[in-house]
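Accompanying notes for the structure given below.
The values are calculated or read from the model by the stated rules, or taken from the named source; none is laboratory data. Values in this document were obtained by computation on a predicted structure and should not be read as measured data. Cβ sites come from the backbone with ideal geometry, for glycine too, and all protein chains shown count toward neighbours. When the accessible area is computed, the model is the full protein with side chains, heavy atoms only, and any ligands, DNA or RNA have been set aside. Shrake-Rupley method; radii C 1.70, N 1.55, O 1.52, S 1.80 Å.
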Amino acid sequence: MPRSSVTLLFLLPVMAASVLLAGCSSPNGPPGPTGTLTGRLQAVGGPSGAGPRALSGQVALHNSNGTRDIISVGANGRFSVPASVGTYTVSGRSPKYEGGTADCKASGPVTVTKGHTSTVEVECQEM
């Protein structure tokens, strides 16, 4: 058999496997069906007349089976991540609020549904 035929016979299965693997979900992404969770980490309250103030920090998603995912939040306070379908309790922390030692909370649980975007505001209550 000519060398080019042997090379082609070897490369075809390798290329086919590459195409199949490319269609698989990322090992770093959330498992199962997903939606998108967007939101904002913000300081609220404080001096009279002051509106919400964006905070950098981290937001934690806690699902019903105890799994926790941590999301880094930039200076604009906004985040958007793919998340597995389910209901989450959401909390956050910012070095600009109580030195990063106090939890900030969403007003209630948030539900992520397949193919949809859910929104949550994580609020750090200032006095």
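Here are the numbers:
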read-out	value
Any chance residue 100 is out of contact with any Leu (no Cβ under 9 Å at 6 or more places or on another chain) and not β-branched (Val, Ile, Thr)	yes
Subset tally (residues that are crowded, with 16+ Cβ neighbours inside 10 Å and more than 17 Å from residue 100 (Cβ to Cβ)) for region 53-68	2
Matching residues in region 31-50 - criterion: being over 20 Å from the mean Cα position of the chain (by Cα) and either on the phi > 0 side of the Ramachandran plot or among the aromatic types (Phe, Trp, Tyr) (or both)	45, 46, 49
Filter result (surrounded by 13 or more Cβ atoms within 10 Å (Cβ to Cβ), among the β-branched types (Val, Ile, Thr) and under 14 Å from residue 29 (Cα atoms)) within region 69-84	71, 81
Qualifying residue in region 88-101 (condition: closer than 11 Å to residue 37 by Cα and either in contact with a Gly (Cβ under 6 Å, 6 or more places away or on another chain) or free of Cβ contacts under 8 Å to residues at least 60 places away in the same chain (or both))	yes
Selection count, region 118-127, where residues are open to solvent by 70 Å² or more (accessible area, probe 1.4 Å) and either under 13 Å from the mean Cα position of the chain (by Cα) or polar (S, T, N, Q) (or both)	2
Test: residue in region 94-117 that is out of contact with any Ser or Thr (no Cβ under 8 Å at 6 or more places or on another chain), open to solvent by less than 20 Å² (accessible area, probe 1.4 Å) and modelled with pLDDT of 95 or more	no
